[in-house]
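The values are calculated or read from the model by the stated rules, or taken from the named source; none is laboratory data. Since the model is a prediction, treat every value here as computed from it, not as a measurement. For neighbour counting, all protein chains shown are included, and Cβ atoms are generated from backbone atoms with ideal geometry for every residue, glycine included. SASA here: full protein model, heavy atoms, side chains in, ligands and nucleic acids out. Shrake-Rupley method; radii C 1.70, N 1.55, O 1.52, S 1.80 Å.
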Amino acid sequence: MTDAYIVGSYSSSFGKFPDRSFKDLTREVYLGVLADAGLANGNDIGMAWFGNCGMWTDGQGSIRGQVCLTPLVREGLFPERVPVINVEGGCATASIALHGAWKDVLSGQTDLSIAIGVEKTFNPAMPERTKALFDGGIDQYDPAEWMAYYAEAGEASGKPFEPGPGRTIFMDTYAMQAAWHMRTYGTTERQIAMACAKNHTASAHNPKAQYRFALTPEDVLADRPVSWPLTRAMCAPIGDGAAAALVCSGAWLARQPAAVRARAVRIAASTMTAGKYRRLDEPGLSKLAAERAYKAAGLTPADIDLAEVHDATSFCEIYQSEMLGFCGMGEGGRLVESGATTLGGSIPINLSGGLVSKGHPVGATGLSMIDELMLQLRGEAGPRQVSGARIGLAENGGGVMGFDEAACSVTILQRD
């Protein structure tokens, strides 16, 4: 066992890019992460993890990473004969890729492993492909099971499960959880809107965000309803993008120039959990993932300087604040309202703009969170910089298993 470090990270801009291919995005983030790590080439890379959810809807069902990296191999930019492992875990896909690269280094399999996440969810010519991509995130063999589960939960939450046009069913399931939280703990629509407005305002300072404009809570509440209590501004958009990270061993890092060593950030913990059909009043899988991560890192929630959490809807940020231990159960709305999660607050959250504003190309999202933490821990985040940030946490969930995600990752990065 050895320490593992992220020596390079990179994210593309997120947005709707109908003229950019999966191979285009892969090339950008691969070359970008090499440059960020100060490497002239990728010759030391011994393993690659490639994350993607939707290429199968475009006809590429297998060997996705190999296909996207082949042009780079042919041009001598990516080393030959490097194993490429393809992974998919819904919206947690890129975090799973990072987890694999981290384990490569810890096990001694290689001194340098790369994780890449690439996604295109915007398909204006064939919107049915976008629908198929998202439908793949829930059990398609036994849909009667989750339909019955949600119907029963609708009675407890006071919001019937009534999927509608123009949205995925996931927005309805998030809305039901929000309604239950409001009924149980007194969380308000305005508190959810405050979380949303905070992130849209933060994204105005993120040059790679899909949306770069500030909103007020009033703007958010006045936006088009999606599924009560959620408005359009509170829901992550459709978009494309990619992100990558290079993970190295301490021994490899020690051989690099001082300028490279100075920007490396240690992976203090990387944990994964799986979802189940839980009760509405039962903690989610991210709580267990966070507890395991804190134990592995020898840290507590109070040690975290900032976090990037999976706000597929703005209610999720409130909920995950509770699961990650930044406040007590039912106190997430009041945490947002207090200003604690803003820049300058005690626990800044989603200064990238979060999924609702930075964007959410599902197979790339987790690594884009890591890129934001890397910027912050290196002191390179510009106007959204957290002063003195040393420890950052990323929480990323993917797929749906009842009211849990099917997979959840919690990663803690620490600047030594």
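Some points to look at:
- Filtering VAL247, VAL220 for residues that are part of a strand (DSSP E or B), at pLDDT 95 or above and open to solvent by less than 10 Å² (accessible area, probe 1.4 Å) leaves a single hit, VAL247.
- For the condition open to solvent by 10 Å² or more (accessible area, probe 1.4 Å), of a type in the set (S, T, N, Q) and farther than 22 Å from VAL33 by Cβ, SER338 qualifies.
- Which listed residue is β-branched (Val, Ile, Thr), over 22 Å from GLY241 (Cβ atoms) and open to solvent by 10 Å² or more (accessible area, probe 1.4 Å), from VAL105, VAL67, VAL73: VAL73
- When VAL33, VAL82 are checked against the criterion of being out of contact with any helix residue (DSSP H, G or I) (no Cβ under 7 Å at 6 or more places or on another chain) and within 25 Å of ALA209 (Cβ to Cβ), a single residue qualifies: VAL33.
- Filtering region 90-129 to residues that are more than 30 Å from VAL7 (Cα to Cα) and either over 19 Å from the mean Cα position of the chain (by Cα) or among the charged types (D, E, K, R) (or both) leaves ASN123, PRO124, ALA125, MET126, PRO127, GLU128, ARG129.
- The number of residues in region 133-179 that are over 24 Å from ASP281 (Cα atoms), open to solvent by less than 30 Å² (accessible area, probe 1.4 Å) and in a helix (DSSP H, G or I) comes to 1.
- Residue ID - nearest to the chain's Cα centre (by Cα), chosen from residues in region 341-350 that are open to solvent by 10 Å² or more (accessible area, probe 1.4 Å) and of a type outside the set (Val, Ile, Thr): LEU343
- Cβ-Cβ under 6 Å pairs, at least 6 apart or on other chains, region 264-287 side under 30 Å from LEU112 (Cα atoms), far side at pLDDT below 95 and open to solvent by 10 Å² or more (accessible area, probe 1.4 Å): ARG266/ASP3; ARG266/ASP416
- In region 260-300, the residues that are among the polar types (S, T, N, Q) and either loosely packed, with under 15 Cβ neighbours inside 10 Å or at pLDDT below 95 (or both): THR300
- Residue in region 254-261 that is in a helix (DSSP H, G or I), under 16 Å from ASN396 (Cα atoms) and in contact with a strand residue (DSSP E or B) (Cβ under 8 Å, 6 or more places away or on another chain) present: no
- The residue list GLY382, GLY363, GLY332 contains one member that is open to solvent by 10 Å² or more (accessible area, probe 1.4 Å) and small (Gly, Ala, Ser), which is GLY382.
- VAL118 closer than 15 Å to ALA243 by Cα and free of Cβ contacts under 8 Å to residues at least 40 places away in the same chain: no
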